[in-house]
1. Restricting attention to region 43-63, which residues are surrounded by 18 or more Cβ atoms within 10 Å (Cβ to Cβ), small (Gly, Ala, Ser) and modelled with pLDDT under 90?
2. Scan region 96-114 for residues that are over 19 Å from residue 125 (Cα atoms) and either in contact (Cβ under 8 Å) with a residue 60 or more places away in the chain or touching a strand residue (DSSP E or B) at 6+ places or on another chain (Cβ under 8 Å) (or both) and jot them down.
3. Go through region 65-81 residue by residue and tally those that are over 9 Å from residue 35 (Cβ atoms) and open to solvent by less than 20 Å² (accessible area, probe 1.4 Å).
Amino acid sequence: MFEAGFIRSRGACAALALLFLCASLAAAKAESATPSVPVTASSDGIMDACNSVGRVTGLDPKGDNFLSVRSGPGGKYTEIARLASGADIFICDERSPWLGVIYPADDATVDCGTDAYSGEAKPYTGPCRSGWIHQKFVQVIAG
């Protein structure tokens, strides 16, 4: 009887530990989706906070066919998302050859609020995602 109770309690402990591990991994993944180098947005009151609109292009369809969004302006930064060919982006910041961009999550049609920024440059905190991509794979379509 003692052994059966011990085994059940060990099983409960293992399940609890697994649940805790899964929750920790989910929190780490959510945290990594935030850029470590924020994309800044600013406006002079006449133009939107992001000076240009671009489209992801030039990806190799025989390769991985996505563009990594990084947490900072460089290949050493963590990948926080992936954009498909044809994805539209707002270009708000630049640290050549890297562009600080804002884009809707999962290609959803949503107002990213880039027209709401005014005055001095500040980190983007709107409803959309932000990060850094290499300019080689961006075609400016407006601005």
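The values are calculated or read from the model by the stated rules, or taken from the named source; none is laboratory data. Quick caveat: nothing in here was measured; it's all calculated off a predicted structure. So basically every Cβ, Gly included, is an ideal-geometry build from the backbone, and we count neighbours across all protein chains shown. Note: areas computed on protein heavy atoms with side chains; ligands, DNA, RNA excluded. Shrake-Rupley method; radii C 1.70, N 1.55, O 1.52, S 1.80 Å.
1. Within region 43-63, 43, 49 meet the criteria.
2. Within region 96-114, 97, 98 meet the criteria.
3. Residues flagged as over 9 Å from residue 35 (Cβ atoms) and open to solvent by less than 20 Å² (accessible area, probe 1.4 Å) within region 65-81 amount to 3.
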